[in-house]
Amino acid sequence: EADIYQTPRYLVIGTGKKITLECSQTMGHDKMYWYQQDPGMELHLIHYSYGVNSTEKGDLSSESTVSRIRTEHFPLTLESARPSHTSQYLCASSETSGSRGEQYFGPGTRLTVT
Amino acid sequence: DAKTTQPTSMDCAEGRAANLPCNHSTISGNEYVYWYRQIHSQGPQYIIHGLKNNETNEMASLIITEDRKSSTLILPHATLRDTAVYYCIVRVGKTSYDKVIFGPGTSLSVIP
C-alpha cells in the first residue's frame, strides 16, 4: 500500500481564488511529480522535483507553482484559479535506490473552478 | 514526447489472456520498459518492468523482443476488474532524473 496522500480530494472554488493542493508521502522518496489529467484524457506532467529545493517544469505548461522545502511535502499552488484549471491533479513519488524505481500515485484532487 | 506507441483500445473476453502490445523502436540500451494501469480515475498503479529479459510477477508477464523495440504485457486470466487504461513507458530506471511521460495508453475492456 502506497503511503502518499493528497488533500483535498475534491475542491470547488470560485474564479480568482488562491488555492494550494497538498501532497505528502511518508516513504522518504526523493523524487516527486505532479500530473494533470482531464476526464478520459492522458496524464500530463506539469512539475517534478529531484529532492529538497529542486523543482522543474514538466512537458505541459502550467500556471501553477510548486515548492519542495521538505522531502515529504510537495504542494502545488494556483495564485488565481480560472475555469481552465478545472481538472484532476495527481501527485506521485519514487525513490532512486533500493527498489524497482516505480512511481507511487496518490488518489488525486479533483478541482472545479466556477 | 512519448517514446512509445500503443493501440488506442482493445477488448478481451473474461478468463482469457489479454495481450497488450507496445512499440518502443527508439529505446536506448539503458532504458527499461515499465507498465502501469489506471482504473477509472484513480492514480496509476505499477504493474511490472523489465530491461531485456522476460519478467513475471503476481499480476502479469512482460515479454520483450530480442531487439527490444517492442514488448507485450500479458494478463493471463483477465477479469472484469482488469478493465483499465494500460500505459507502457520507457525510462532509464530508478536512478534516472528524466521526466516520466505517460502517453495515451491502451484502454482495455474485459467483456463478460
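The values are calculated or read from the model by the stated rules, or taken from the named source; none is laboratory data. Fair warning: this is a prediction, and the values are worked out from it, not measured in the lab. Cβ sites come from the backbone with ideal geometry, for glycine too, and all protein chains shown count toward neighbours. These accessible areas exclude ligands, DNA and RNA; they are computed on the full protein's heavy atoms, side chains included. Shrake-Rupley method; radii C 1.70, N 1.55, O 1.52, S 1.80 Å.
Could you say which residue among B:39, B:89, B:64 is modelled with pLDDT under 95, under 15 Å from the mean Cα position of the chain (by Cα) and away from chain A (no Cβ under 11 Å)?
B:39
Each residue in the stretch A:61-76 was checked for being more than 25 Å from residue B:38 (Cα to Cα) and surrounded by 14 or more Cβ atoms within 10 Å (Cβ to Cβ), and 4 of them qualify. Just the residues that are open to solvent by 80 Å² or more (accessible area, probe 1.4 Å), closer than 19 Å to residue A:41 by Cβ and free of Cβ contacts under 8 Å to residues at least 60 places away in the same chain, please, taken from the stretch B:1-44. Matches in the stretch B:1-44: B:40, B:42. Counted as qualifying within the stretch A:21-96 are the strands (runs of 3 or more DSSP E) with 3 or more residues that are away from chain B (no Cβ under 14 Å), namely A:76-78. Residues that are open to solvent by less than 40 Å² (accessible area, probe 1.4 Å), among the aromatic types (Phe, Trp, Tyr) and modelled with pLDDT of 95 or more: does the stretch B:46-53 have at least one? No, there is no match, as no residue in the stretch B:46-53 is open to solvent by less than 40 Å² (accessible area, probe 1.4 Å), among the aromatic types (Phe, Trp, Tyr) and modelled with pLDDT of 95 or more.
Within 14 Å of chain B (Cβ to nearest Cβ), surrounded by fewer than 16 Cβ atoms within 10 Å (Cβ to Cβ) and touching a Phe, Trp or Tyr at 6+ places or on another chain (Cβ under 9 Å): is that true of residue A:104 in this structure?
no
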